[in-house]
Every structure is written in C-alpha cells, then in structure tokens.
1. How many nm separate the modelled label positions at B:ARG270 and B:ASP32, each set 7 Å beyond the Cα in the direction of the Cβ?
2. How large is ³J(HN,Hα), in whole Hz, for each residue of segment A:167-179 in order, when computed from phi with the Karplus curve 6.51 cos²θ - 1.76 cosθ + 1.60 and θ = phi - 60°, using x for Gly and Pro?
3. Which trypsin sites (Lys or Arg not before Pro) from segment A:320-366 combine a DSSP loop assignment with at most 16 other Cβ atoms within 10 Å?
4. Mind giving me the FRET efficiency for B:GLU189 and B:ASN169? R0 is 60 Å, r the Cβ-Cβ distance, nearest 0.05 is fine.
5. Given segment A:3-228, report the % of alpha carbon pairs whose separation exceeds 29 Å.
6. Let me confirm one metric for peptide A:71-81, namely the mean number of other chain beta-carbon atoms within 10 Å of its residues' beta-carbons.
7. Mind listing the phi-derived Karplus ³J(HN,Hα) values for segment B:315-320, rounded to whole Hz, using 6.51, -1.76 and 1.60 with θ = phi - 60°, and x for any glycine or proline?
8. Once both axes come from the Cα atoms, what is the angle between helix B:131-147 and the longest principal axis of chain B, in degrees from 0 to 90, rounded to 10?
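A short reminder: the numbers here are calculations on the coordinates, not readings from a lab. Keep in mind that what you see is a predicted model, and the values were worked out from it rather than measured. Here the Cβ positions follow ideal geometry from the backbone for every residue, glycine too, while neighbour counts run over all protein chains shown.
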Amino acid sequence: MTLADRDEMAELALKRVRESGAEYGDIRLMHSTSQTINGEDRRIASVRDVADSGFGVRVLYHGGWGFAASSILSIEEVPRVADLAIEIAKGSASLASERARLVDEPIHRDRVVTASRIDPFTVPLDQKTMLLQEVMEYVQRQPEVVRSHASLWARGDKKLFVSTEGTRLEFDLLAVQGEFTATARHDGRFASRTFTTPHLRTGYELIDSANFMAEAPRIASQAVEKVKAAAVRPGTYDLVLDPEHLSLTMHESCGHPSELDRALGYEANYAGTSFLTPEKRGSFLYGSSHVNLVADNTEADTLAATGYDDDGVACQKWDIVREGVFVGYCTNREVASKIGETRSKGSNRADSWGSVPIVRIANIGLEPGQASLGDLFADVKRGVYIEGHGSYSIDQRRYNFQFGGDAFWLIENGKRTQMLRDVIYHGITPEFWKSCDGVADRRYRRRYGFITCGKGQPGQSGWMTHAASHARFRRVAVIKG
Amino acid sequence: MTIANVKTWPKMTGRDEFRFLADLVLKRSSADQTVVNLLDQHSGTTRFASSRIIQNVDTRRGTLTVTVAFGGHRGSASTTDFSAGSVQDALARAERIARVSPEDPEYLPPPDPQVFPTLQTSRPETAAAGPARRLEYANEAIGQCRIENLEAAGIVSSSVASVGVAASNGLFAQEERTEARFSLTVQAEDATGWSAAAHRSIDHLKIQDRTLTAINKAKRSRDVQELAPGRYRVILEPAAVAGLWSWMLWTLDAKSYEKGTSPFADQLGRQILDERLTLQNVPGHPDLLGTGFTHEGLPSEDALWIEKGVLKQLAYDRFTAKQQRIKRIATLEAPCLSASGPTAFKTQELIKQCERAILVTNFWYIRTVNPTDLTLTGMTRDGTFLVEDGQITSAVRNFRFHESPLRVFKHMDACTEPAEAVTSETGKMLVPAVILRDFHFSSVTRF
C-alpha cells in the first residue's frame, strides 16, 4: 500500500468524522515489523517474524470518546471503522457527566525517521543466530552453569498520523535490543546473571558494539559466584545502585506516580492511582536535594523520543522533581487541562494501531551529580552494591516498594568486597529518595529502556528510556529474599 | 439494546474460511512440515473512572501465523493481512527463515490429526454484545455507586475470537471462543472495594451482585487501622488464592523440573501440599474458560494435577514429554482447586470460625522473590480487614507479603467450596477461600 493510498484512507475516515459533528478525530495507520530470535540451552528455540498492519480511528464527540480499529487495511474497511468509532463516541457522550476537552497544540506537518547505521532487518539471520549460539555455548561450557538463554529483538514501525485539526505526521522508527543469561546451580539452589543492552531507537550497531562474547566470561563466572555466595544478613545497609538497576527503581517509584491520568483516578481499577496528587505539585518533598528527575522525550535514540506523541503533540523536556521537590506530570491533551496547564507534555502513546493512546511515562532520568563512583563507595562502612534488575513489586499508589537485583556485592569500609545473594530492599518511595545523598557524575550515565510497561484496560505495553548515573542511598532496610 | 449495529459489525473468519486460508499456505509450501495458526479476534472494552466513561474501544485484529520446517530447521512468520498475496508472503518469509536457521535438536513435527472435544466455548449473546450492551452494564455499575455517593472505576468488555490450527499432515481444528469481563473498583474517599468476573457468557457477569460486593467492601474500608507487620492467620478470598496459585501453575514446567531449576525439583509423586487439596483441569466446566485444543493442536482434556496434596503432573513441552516417554500431554487452561472433607459454603462462614485473622480480598503486583523455593511478594489490595471473634471489626492498612505458597498451603485450617475467581493479573480459576496460619506480612504501606 502506497503512502497516497494511506492518505486517501485517512481523508475518507476524517471526512466522516467531521460530518458527524464530532469536535475532534484522528487516524493512525501503521505497518509494524518485528523479528525476535530466542535461544535456550545452546539451541535456537524460535525465530519469529511478525508483520502487523492496521488502522485505528479516534473520535471525540460532544465530550465523549470513541475508538475503533481494524487489521483490514483497505479503503473499503474505512467507513465501517470510522462509523463504529463515531457510534461508540456518541454512546460515551450520552453518559458524559463531564465533557472531555483537549488543550491546544500547534498544527504539525513532519516526518520522523530513526537515525541508524545498520538496518537490523538487513543483517543476515545466520549472523544473528550464530552470535546467540556462540554466547550460549560459551557460558554453558563453564562448570556449574546449567542453563542459558539469549535473544535478539528488532522492530520497525511505519506510521501515518492525521487529525481533523490538520496535523499530518509520518514516522519511520526502529528499535533494537539483545541480551543473554547464564543460570548456575549449586547445593540445591540456582541463580542467574544477565547481560543486556538497552532498548534503543537505533540500528544493529547497538548489538555490534555490545560485544556479547567479551561480556560472556564475566556473566558466566558471576552466575557461578552468585549461586555460591553467602546470603545477605538482614539489616540496614547503605546502597549504591547502578544505572541499570536505577532504571527500574525510577520507573516504578517516580515514573508511574508522575502519570497524571493515574493521579486523577483513570487507572484506579487496574494499574492504580498515585500518591503524587495534584495539590502536591510544587511543594511536596519527594526526595533529597540531590534528586533531580527530568523527563526528556527529545534525547536522541531513546524510546519515547518519537518526535511527536499519538496526540500529535511535539516531544518536550521538563522537570518532574527539581532539587527534591515534585513539580511536574506526564500528561496528554485531555488531562493537562484538569490541572490548569495550557499545553500537553506530549506523553500520550498507544502500543499499536489497535490500541487507543493513554498517558505514558516519559523518558524520565536522574540528572548526574558531582561524585565519582569511588566517592560513592568511599564513604560507606557497611553497604550493598546492586547491578541490574531482579524481583520488583510496588503498591497501587506507589508508596511501598520492594526490589531485588541481578548481582550484589558487599561494601565494607569503602571497598566492594565479596558477592552476596538473595538481597531484597524495601521502603516507602519519598523516604527512600530522601535518603539519596550522592549521584555520580555524567561519565557514569547509562540509559536503559522498557518495552513491557503494563498499563490500561485492555492492557498495553509502554516504551520509555530511563537514564541515570550511580546513586547512593543511606540506611535502607534489606531482607533476605 | 443487545445487538450491535450490523453495518459496523465485522464478519469473523469461520471454519470454511480458515480452511481456505490454510490450504492457500499448505498447498504452496515446499517445507517438510507446515503449520498454520489463526487468531481472529473482535473485542471491545468500555472503561470508566470517577463514575464517567473515559475510554470506549473496539478492535478487530486477525493474525495468521505460518511455521515451516525443513528437517529440524524451523521458521515462523505472521501477518494481519489475509489477502492471498500477504498470506503467501508470510509463507515465503517463514521458508526463508527456516532455510538459514540452525537445526533445532528439539524440533518435532506437528501432532498427528486428533479428535478434539466439542466444548461450548462460544456464547451467541457475548458474540452479539456490542458497545451498547457494554455501556448499559457500565451505566448500571456507575448508577449503583452514585446512589451510595461513591465513585466507580472499572471495565466491561466482550470479545469473540476464531481460533484455528491446521498442518500439512492433516491436523485441523477450529473453534469460536467468546469471553466477557467485568471488574469494578469502588472508591469511598481514601478507601476502595473491588470485585470482578469473567465468563464465556456476558449474561453471567452478575453486574448487580458484584457491584454491591465492591460497594460493601469500600464502605467497610473507611475506618482503617494500621497493624504491625508479622505472621498472621489469614482468610484469603478466592481472588487472593488465585493470585498465589497462578504462580504455582506457571512454574510447573517439566523442562525446568528436569534441569533442576524448578521449585518443584524431585517432588513429582510426593506430598507437597495439604492432603485435602486436589487440582484438576476441567475444560468442559461451564464457569471456566476451557478450550477444545491448544495452540499446537493437542486436545484439551480433563486431567489430575495434584491429588490430595500429591504432585501428579507437570506441564510438558512436546520434546520433554517425548524424552520422558509421556504419551498424553496434560493441559491446564481450566484449573479447579477443590478440597475433600468438610468445607464451608461461603467466606462468611470462615470469618465466623476465626478468633483473630486478616481477611484479604485480593493481592496485587505479585512477583517472584526467590525462584528456588517460590518465595513471592505482593501487596494486599481493595479490601483488607481485621477479623476478631468471628466478625470483621475494622479495615487495616495494606500489607506487603513475603511468602511461598508451597509453604503456606502445606496446611490449611479450613476452606470453602471452589468459587469463580479472576483478577487483573490471573486467568480464570475455580478456587476456594481458605484459612491459612502463619502468613508472613513483611511490611505495611500508607493506606
């Protein structure tokens, strides 16, 4: 299907929306391709190539929303889907006790393309499977490593967004990621260690530069060391957290509570609400003065930096927490007005043509501080250094959290010493961030992304990147997992 | 109004259409074996919060997946475009992948043609339910909450799916499956109450009863006290039991068992839980979401997984099953957990038996802490109460638990008959409400 065909479909749909008397409508036509290669225990367990096409029409009629979508990408299907979206919006409007309204956004006409050197879909498949087999073979040659997993993933999205306001946006986006895991067994226990690249909007050069085979010896030996390590002794510890680990801590304890739709109750029945309620904006002490959490959907290569969101709003950069004080939300054109803002932050995204856009966490990151990593360790008498992701859970208002990690080391008198296992820490979000007394400088900054952030009913997967340098937290409760 | 506007209603892929699409692939395939999977789904959800409609959606998505193998070299490609050209392109992509993929030592050809059970997986009232019916149900729940001056947040959804599998060796199965869901969180200022349902028939969602349940929980949650973390006797309602049991079911895979990376290692045939507990798969049960066949084309059948506390079955992939000489692979898409001996009829009877206990409506954000012994963590949610002298005396602030279901279900003080249970994080099950002792709540939150 040509771009002209898509424009014709868009025009037909939006004509019907305009003629219905609706105040707003938009259409997203998408063609997504993805390739996922999964390896398990030395073998390539699956290679899946997915082509996913369709379109979705969104209508705001007298303050009521309607959305309909179809995987039949043809001009003949457009009237059915557009009329269904209008019919649904009219139904919503019939029960509307309060009309939804959209804040203004300039009209945009643009094309956004992911900058990449190597298109991941042109890299020969045997080169990819060979890489995964080699790394699995290597880690499983180590005594006591009993299992291995490895995977490569790439996705391309070609999208056309057109609205009744005149915005027309073309997107040609890419995203890539790879990882491998070694699982060791010892004395009736088993433990895993994982190496992962971030998910980034880039080409296959991300995988090439990750150099799996150079990382494999460390991952294999640390899996064995971890399963044989002493269990942590429960107590109060200072924690030094690496950027990969912090990406999840920030995501759960800062990202989700800063979604305005949650704070307004839209997710009360599923993902939950937020302790960061609107009256706290501008005054609530979320963390220490070292804590500056910034949303930046303009940083190149990051997952939420798509130029524009699915409201057709330009991507932006803004503060969520400034010197410890909660100051900003992630918003869309509907909820922004409810806290008196005149423009959306551009954080409304859908996970496919078949889903309606909802407020999503932006690329929220912890701003670098002044310390070196050595400085952060130097002042710790008894602490734990944590790398990577492990167990995680948080309550539905984002107060009480509990995190594990992928690898743990004891810190004694300023030095990282032996590995530990089964480390779990827990706390209450603002108390935890108030205990942050140091952030490493820009040299240590790393970016990690998520593509499986669950939210919405029906459920959708959100994509965003979280960047951080290492950070230190004082006197955190640690238990044995 | 229960029938959707016929002009805006899509026509689903029926049995004959699927056979036509499958033949389009199978007749052109040059592979040794070829399998075609169909999932054509039409679903809609009406979502409300703060007692108003916030989202109202309808999506039709058809997906055809082609998997081919040359020897043990396998490839898979899918498309949402059912035109002849795109379907043949999916076959070509799958063949290209298979030709350059390494040989998979665990590859097995598709199962031989099977006789599948005929189950009532589709209900016409659900297939015909459209946005108007969903809106009617949402309005009913919102209205009941408004009468009580409470806020409602929730969903009403309905879907119909045509599911099929066809293979070059003659294997063929297709069935239509419907599903309707309702879930509701009632907010009384800072307090919440919750209830949920899922059923093949939209007529069985019991909107009024479930709304009243959520309202009562929210109202009872207003007066809340904070208790210290620690070990408590607990009464777990069916949704809370389903949350813990889902994680047990997900970790029953035979490959991990054989490789020693399963919490059930060496426990097959042994007493692992309370001797009154029995877990079965009952795909034909009218209140479960049983299916006639699996994605691979194996028949769903009644099966005994845990009998009187003894682990009898593992979840086999076909390769591990062949290695272990397992002839029939048991499925577990329609789980029913029941208890032998005297049982209570309702949770209320369990409450009456307790001098002091914590009553848990539901758990949230359950995750594995330690995979070796299946220690889990999660939060209580939407109705956590203190029971004293046989009655609820107050709500309590929500706890975080840190516990292994394999430990706490070794002994059960009492339980009810199995009841329908579904949560936002689990599939549908029939499970009892139970009284367990020494359940570990490791911390408490602010509400």
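1. 3.9
2. 6, 9, 10, 10, 10, 9, 10, 10, 8, 9, 6, x, 6
3. Here the sparse-neighbourhood loop sites are A:ARG343.
4. Values: r = 62 Å, r/R0 = 1.03.
E(calc), rounded to 0.05, equals 0.45.
5. 48
6. On the way: counts 12, 8, 4, 2, 0, 0, 2, 0, 2, 6, 5.
For peptide A:71-81, the averaged partner shielding equals 4.
7. Once θ is set to phi - 60°, the couplings for segment B:315-320 become 8, 8, 7, 5, 5, 5 Hz.
8. Its long axis makes an angle of about 10 degrees.
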